[in-house]
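Asker: The structure that follows is given in the form of structure tokens.
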Amino acid sequence: MTNILIFSFAGILSGIIFGAAFLSVARTLRKDSILRNYMIIAAYGFVLFYISGSATAAQAAYPPFGIVSVSFVGLSCYLIYIGLYSSAVTVSQDTALRLSIRKSLTDQSKFLHSMGTAHMEQELQSAVLKIAKKHSDVMTQNTGVEASMTDTDIKEYMSMVMDEIHKS
């Protein structure tokens, strides 16, 4: 009985540590971020998986009390899958969106550099914002997962890229 308890508690403890890693990564993200929600879902899935996997129906007394715990394995695997898949898709969409913004800004900044007016820079930002929004909507439609970049994130990234372009 001691061996069963030691191995069960070791499994539960490792699941809690694994889930805590995902929760600590999620804590570093913004509160309203979609990526944060997916990371939290994955964390809960890992904790539930290790807890439900530590008890088996053979370890429990005659009515198999462990069957309830084992029945949560499917739900926990689903939570892990949804959390990890959606996180990966969101990060890849954000990367593709950032590349699209950078490409649009570098292409159009050559034209802006010759003009050099503030009005043209605002028009460039609005044009790139439209392109980025359209690209984000297409990616959301193709994958079913929303990108985590908001309009303010896109504008901040555009200003950062514009500063890099002006320095070079």
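The values are calculated or read from the model by the stated rules, or taken from the named source; none is laboratory data. It should be emphasised that the depicted structure is a prediction, and the values quoted were computed from it without experimental measurement. Here the Cβ is made from the backbone with ideal geometry for all residues, glycine too, and neighbour counts use every protein chain on show.
Asker: How many residues are free of Cβ contacts under 8 Å to residues at least 12 places away in the same chain and within 25 Å of Thr90 (Cβ to Cβ) when one looks only at the stretch 1-20?
Answerer: 1
Asker: Restrict the check to the stretch 83-101 and report whether at least one residue is at pLDDT 80 or above, among the charged types (D, E, K, R) and over 25 Å from Gly19 (Cα atoms).
Answerer: Within the stretch 83-101, the subset at pLDDT 80 or above is 83-101.
Keeping just the survivors that are among the charged types (D, E, K, R) gives 94, 98.
Cutting the leftovers down to over 25 Å from Gly19 (Cα atoms) gives us 98.
Yes; the residues of the stretch 83-101 include at least one that is at pLDDT 80 or above, among the charged types (D, E, K, R) and over 25 Å from Gly19 (Cα atoms).
Asker: Listed residues Ser114, Ser159; which is modelled with pLDDT of 80 or more, more than 30 Å from Ile82 (Cα to Cα) and part of a helix (DSSP H, G or I)?
Answerer: Details: Ser114 fails: modelled with pLDDT of 80 or more.
Exactly one residue qualifies, and that residue is Ser159.
Asker: Looking only at residues in the stretch 37-73 that are farther than 16 Å from Gly15 by Cα and in a helix (DSSP H, G or I), which one is modelled with the lowest pLDDT?
Answerer: Across the stretch 37-73, the extreme among qualifying residues is Gly66.
Asker: Here's something else I'd like to know. When the stretch 1-32 is examined, which residues are found to be modelled with pLDDT under 85 and either hydrophobic (A, V, I, L, M, F, W, C) or within 15 Å of Gly45 (Cα to Cα) (or both)?
Answerer: First, the residues of the stretch 1-32 that are modelled with pLDDT under 85: 1-12.
Correct list: Met1, Ile4, Leu5, Ile6, Phe7, Phe9, Ala10, Gly11, Ile12.
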